[in-house]
Amino acid sequence: MSAWPSVLLWVTLLAPLPLGLLALRHPPRQMRRVVPAGALLPLMTLLLLPGLGEGAQQGSLSLGGLALQWRLDPLAALLLLLTQLVLLASATYAVGHRRAALPEVDAHARFWPLLGGLAVALGLIWVAADLLLLYVGLELMGLTAVGMMLLPGKAEAIRAGLRYLLFALVGSLAWLLGVALLLGAWGTLSLAELATVAEPDAVTRIAMALLAAGLLLKAAIFPLHGWLAPVHASAWTPVSAVHGALVVKGSFFILILLWRLLLPEAVTAAWALGLLGAAAVLWGGLKAWRADTLKQVVAWSTVGQLGYLMLAFPLLAGVAASAAALAWQATWLQLAGHALAKAAMFMAAGNLMLSTGASRLEELAGTSRRLPLALMTFGVAAVTLMGLPPSAGFTAKWLLLQASLEAGQWLWAVVLVLGTLLTAAYVFRVLRCSFVEEAPRHEFQVLPRGTDLVPLLLALAAVGLGLVAQWPLALLREGGVP
């Protein structure tokens, strides 16, 4: 790889941290001032995309005696672009949220370096080509995410954040044990070298089981999801948006990357992961339908929506190449659509709660008339989660359905249908409560301009991604199924 693209990549990856430290010193007070600085990052990533037409670009980063290997392929570039866009939207929204909800809270300034650290962590995960760099990104992501959850400083936030930290540490311990087994057995941390020398023997299977357990815990995959809803209950809205959209996806990305590398033909284990995903879709949907507060609805929805990603494992193992290609494309399109829609939904829910001063569903009465834009944004985001056309969710689920039928795995088609019905059930429950007019009127707080616009743009982007899905899908086809 020539020097210029390499320098541009690392500037793009590392720039969020100094930007976050600058914002700590001089916190932005207007939403429009965040956009110019943040918009430079996705623009630089777009400049890197044309160079990937000839294949993945790779290299190493020397730190003393360590050589950390990295690799930029079309999938990593698309995920980096998605991350930058969601973080830009969350940073912009955070300024307006602070003005409306936290005008006297000094802790909000600490949000910025943590957000910058999270951006760096996710970028490292997307481009890492060895287990050491993956570990650095994974741990930095976990620490910054926990720090953001602790920012409110209230007792319930501290309890939930410490619980999250405990789960994250247990996941990290399982990860380190798995890495130690792989290093002892095959003598390398390089993903490329592991793909060449590693065999699917007992040691590799035990190592992958430990790695998977730790990553499933960090990704809040059923039944290891117990920490997710409590941390969102007390977190600030922009933090929940970033976490639900991106943080849990980082662990999933590592899991599927290592699985495809070490045990690509482990059909029984892949089906076990697929069944966990099916259970997550159903359980998360049922819990969201039964939730009493708006934020719990959105949090439990995350548990259910993550289950769709797990269906990739049985559809990639032991099936025809055409079915695997469809499942591969569907998985990443589903991830991108969910990231955009979930960030929009958390922000829209935060606007509804902030304006009404209430969190329970029955207390949303009258919002359809007084807060139509926030409620419309919630509904537009739900279009993607339900998988209605023309959204990215529809295209992704259609591809998953095609892959399931081509692979002869009808069970996942049933899960897709039931998951869609459950999503519609909890979404329309929220809308029904919002259209009730007989309840006592609320004193609605006026929010800063832009706090409704940012989530609306994200929700529309999730829908629009379905209309232009051919572009990212073409890039994924160029990268192929690893």
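The values are calculated or read from the model by the stated rules, or taken from the named source; none is laboratory data. Every value quoted in this text rests on a predicted model; they were computed, and no experiment measured them. Glycine also receives a Cβ, built like all others from the backbone with ideal geometry; neighbour counts cover every protein chain displayed. What goes into the accessible areas is simple: the full protein's heavy atoms, side chains included, and nothing from ligands, DNA or RNA. Shrake-Rupley method; radii C 1.70, N 1.55, O 1.52, S 1.80 Å.
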message: Taking the alpha-carbon distance from LYS154 and a cut-off under 18 Å, which lysines remain once sequence neighbours fewer than 8 residues away in the same chain are dropped?
response: LYS295
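Can you compute the helix-only [θ] at 222 nm over the chain? Use -39500 (n - 2.57) per DSSP H run of at least 4 residues, normalise by all residues, nearest 500 deg cm²/dmol.
-24000 deg cm²/dmol
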- prompt: Taking only protein heavy atoms and a 1.4 Å probe, what accessible area per residue, in Å², does the stretch 296-339 have with all protein chains in place?
  reply: 14
message: Just want the answer: with Cβ charges of +1 for Lys and Arg and -1 for Asp and Glu, which residue in HIS338, SER6, LEU194 is farthest toward the dipole's positive end in the chain?
response: HIS338
statement: Taking a crude spin-label model, label points 7 Å out from Cα along the C-beta direction, the ALA320 to ASP201 distance in nm is 3.6
- request: Starting from the eigenvalues of the Cα gyration tensor, five times each then square-rooted, give me the equivalent ellipsoid semi-axes of the stretch 206-365, largest first, whole Å.
  value: 31, 14, 13
task: May I ask you to give the percent of accessible area on the chain that is carbon plus sulfur, with a probe radius of 1.4 Å?
output: 67
Under 14 Å, Cβ to Cβ, from LEU87 - net charge with Lys/Arg +1 and Asp/Glu -1: +2
task: Report the trypsin sites (Lys or Arg not before Pro) located in the stretch 117-166 that are in a DSSP loop and have at most 15 other Cβ atoms inside 10 Å of their Cβ, or state none.
output: LYS154
field: Under the Karplus curve 6.51 cos²θ - 1.76 cosθ + 1.60, θ = phi - 60°, whole-Hz ³J(HN,Hα) for the stretch 230-240, x wherever Gly or Pro sits
entry: x, 6, 6, 4, 10, 7, 5, 4, x, 5, 4
- request: Note down the net charge around LEU333, summing +1 for each Lys or Arg and -1 for each Asp or Glu among other residues with Cβ under 14 Å from its Cβ.
  value: +3
query: Amide H of GLN58: which non-local residues (sequence gap of 5 or more, or other chain) have their own amide H closer than 5 Å, using H built in the peptide plane?
result: LEU72
- request: Determine the dipole magnitude for the stretch 100-197: charges of +1 sit on the beta-carbon of Lys and Arg, -1 on that of Asp and Glu, nothing else is charged, the reference point is the Cα centre, and the result goes in debye to the nearest 20.
  value: 240
- request: Could you work out, for the chain, what percent of all Cα-Cα pairs fall into each 10 Å distance bin, beginning at 0 Å and stopping at the bin that holds the largest distance?
  value: 4, 21, 33, 28, 12, 3, 0
message: Normalised radius of gyration for the stretch 285-345, please: alpha carbon Rg relative to 2.2 N^0.38 Å, two decimal places.
response: 1.35
Built amide H within the under 5 Å cut-off of ASP130, gap 5+: GLN69, LEU191
message: Charges at C-beta only: +1 for Lys and Arg, -1 for Asp and Glu. How large is the resulting dipole of the chain about its Cα centre, in Debye rounded to 20?
response: 1200
Environment charge of THR188, counting only residues whose C-beta is closer than 14 Å and scoring Lys/Arg +1, Asp/Glu -1: -3
